[in-house]
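Asks: The structure's right below; bear with me while I get my questions together.
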Amino acid sequence: MKHSPLLLLPLLWLSCTEAPVARPDAFMRIGLPSTEAYAPLNEAAPFGVNINTDTKVIVKEVLTEEGTEQAREGEYWLDVVYPSILSTVQFTYKPVDNNLEALVRDAQQLAYKHTVKASGMREQFFEYKDKKVYGLYYELSGASATTTQFYATDSTEHFLRGVLYHYSPPNADSLAPVTQFMREEILQMISTLNWTHAP
């Protein structure tokens, strides 16, 4: 009995051989919005899409042309906000006026700007001939500020660009469920996209 503390000493010495390991902070469980109900966009926009009923729509004020006080004629800006997952799809509508090539080039350049932080990019062409909707869909992977973008046009009057933003740190692993959910939401919006009136 007198020597029992001496017997514990080697055990304590052996138990402390490993260096302590820092554990990462845990991430909260993400509760995705329901995919049960969609409704047509209820705004006087020059385009229509079906959106999730758990979203909030914000029509934004169109700013003046950079360097001038001229209003951007015919443009329409709209955000579809998913408050429960801190994500937003920003829509920018511009009328086509002999400038389709410039609009497409700008949309492509804006998508490719994010490849600096992205680890990969996938492009997919889409078309809905019956609705005169043609465009390109981009998926970016990695720590990019945006994971999904698209543009659509009828090539004569309408041009629409959509961009997904997550309002949280761009940790691709923890955002994976949200990113996948939002990609499906955007593809659903694209499939229901239609032009409502001339600009």
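Asks: So Glu127 clears everything in (1) within 18 Å of Leu78 (Cβ to Cβ); (2) at pLDDT 95 or above except one condition, right? Which one?
Replies: Here Glu127 meets the rest and fails (1).
Asks: Quick one: count up the residues across segment 88-144 that are among the polar types (S, T, N, Q), part of a strand (DSSP E or B) and surrounded by fewer than 15 Cβ atoms within 10 Å (Cβ to Cβ).
Replies: Selection size over segment 88-144: 3.
Asks: Are any residues in segment 120-159 in contact (Cβ under 8 Å) with a residue 24 or more places away in the chain, aliphatic (A, V, I, L, M) and either in contact with a Ser or Thr (Cβ under 7 Å, 6 or more places away or on another chain) or on the phi > 0 side of the Ramachandran plot (or both), and if so, which ones?
Replies: If the condition is that a residue be in contact (Cβ under 8 Å) with a residue 24 or more places away in the chain, aliphatic (A, V, I, L, M) and either in contact with a Ser or Thr (Cβ under 7 Å, 6 or more places away or on another chain) or on the phi > 0 side of the Ramachandran plot (or both), then Leu140 is the only one that fits.
Asks: Determine which single condition Asp79 fails, assuming it passes every other condition in (1) within 22 Å of Thr192 (Cβ to Cβ); (2) among the acidic types (Asp, Glu); (3) modelled with pLDDT under 95.
Replies: Tallying (1) within 22 Å of Thr192 (Cβ to Cβ); (2) among the acidic types (Asp, Glu); (3) modelled with pLDDT under 95, Asp79 fails exactly one: (3).
Asks: Let me ask something additional. So which pairs qualify, if the first residue must be in segment 171-192 and touching a residue at least 24 places away in the same chain (Cβ under 8 Å), the second must be hydroxyl-bearing (Ser, Thr, Tyr), the Cβ gap must be under 6 Å, and the two must be at least 6 apart or on different chains?
Replies: Between residues of segment 171-192 that are touching a residue at least 24 places away in the same chain (Cβ under 8 Å) and residues that are hydroxyl-bearing (Ser, Thr, Tyr), the close pairs are Thr179/Thr147; Met182/Ser87; Arg183/Thr148; Ile186/Thr148.
Quick grid of which residues meet (1) small (Gly, Ala, Ser); (2) surrounded by 10 or more Cβ atoms within 10 Å (Cβ to Cβ); (3) at pLDDT 85 or above:
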{"position": "Arg29", "(1), (2), (3)": "no, no, no"}
{"position": "Tyr38", "(1), (2), (3)": "no, yes, yes"}
{"position": "Leu41", "(1), (2), (3)": "no, yes, yes"}
{"position": "Ile51", "(1), (2), (3)": "no, yes, yes"}
{"position": "Lys60", "(1), (2), (3)": "no, yes, yes"}
{"position": "Leu63", "(1), (2), (3)": "no, yes, no"}
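Asks: Every residue in segment 158-177 that is surrounded by 14 or more Cβ atoms within 10 Å (Cβ to Cβ) and either touching an Asp or Glu at 6+ places or on another chain (Cβ under 8 Å) or among the charged types (D, E, K, R) (or both), please.
Replies: Once the filter is applied, which keeps residues that are surrounded by 14 or more Cβ atoms within 10 Å (Cβ to Cβ) and either touching an Asp or Glu at 6+ places or on another chain (Cβ under 8 Å) or among the charged types (D, E, K, R) (or both), segment 158-177 yields only Arg161.
The values are calculated or read from the model by the stated rules, or taken from the named source; none is laboratory data. All figures in this text were calculated on a predicted structure; none of them were measured in a lab. Positions of Cβ are generated from backbone atoms using ideal geometry, with glycine treated the same way; all protein chains shown enter the neighbour counts.
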